[in-house]
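Computed from the coordinates by the stated procedures, all read-outs in this text should not be read as laboratory data. It should be emphasised that the depicted structure is a prediction, and the values quoted were computed from it without experimental measurement. Cβ placement follows ideal geometry from the backbone for every residue including glycine, while neighbour counts extend to all protein chains displayed.
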Ligand code: AMP
């Protein structure tokens, strides 16, 4: 089973690549942002979640962790490997995910860190904002999302470097090139 974490700044291309890779390798794509946005439009916690997302800050851990574990459990019951996209985003989420793997006798295959300059990432998000309909793809919220990334999410690079699970990929080239480079890395993992 292949279980991956897609990691990177907002706008690095995590969602796009996670979707392509999940199709190619038959993995379940679990995007915390996507799951939260679905909950925002239809769930009873919608208004509360929106208040965090629109500020560009993290939604509280107990909520996100429970949602992601529920989704992951359902996928693993079907014997499908998983791509976590946008999760974990802070130390508590990472530790909780590690415990979850242990308790369920599963293994994290790798963390794929998509690297891109902040300038390029911001350009991409603001371009996407013209069509995405996402209320958080605007200049003010984007700046806050980067601040949140630097303060809470980026330290996870050290956390995963310690376990030697992290692979860094240049996210700057076009979608096809990045996809090919990620595929090459995945093809080297033992089946
Ligand atoms: P994304 O689609 O990954 O860019 O996430 C959009 C927004 O959803 C973030 O700015 C956060 O407010 C929220 N969010 C997504 N993933 C998480 C997470 N793992 N923990 C807390 N909040 C999250």
- [ ] As a check on your grasp of the helix formula, calculate [θ] at 222 nm for the chain: sum -39500 (n - 2.57) over DSSP H runs of n ≥ 4, divide by the residue count, round to the nearest 500.
- [x] -17000 deg cm²/dmol
Open item on the list: Please compute the modelled spin-label separation between residue 172 and residue 134, points set 7 Å along Cα→Cβ, answer in nm with one decimal.
Closed with: 2.2 nm
- [ ] For the stretch 72-191, just say rounded, prolate or oblate: build the C-alpha gyration tensor, square-root its eigenvalues into a ≥ b ≥ c, call rounded for a/c under 1.5, and beyond that prolate if a/b exceeds b/c, oblate if not.
- [x] prolate
- [ ] Arrange 183, 163, 31 by Cβ neighbour counts within 10 Å, fewest through most, would you?
- [x] 163, 183, 31
TODO: Determine the gain in length on full extension of the stretch residue 164-residue 101; use 0.36 nm per residue of separation and subtract their C-alpha separation, reporting nm with one decimal.
DONE: 21.0 nm
Task: Inter-label distance, nm, simple model (7 Å from Cα along the C-beta direction), residue 123/residue 44 - done: 4.7 nm
Open item on the list: With bins 5 Å wide starting at 0, give me the P(r) of the stretch 1-96 over every alpha carbon pair, in whole percents.
Closed with: 2, 13, 24, 25, 21, 11, 4, 0
Task: Euclidean distance of C-alpha centroids, the stretch 33-76 and the stretch 133-186, integer Å - done: 19 Å
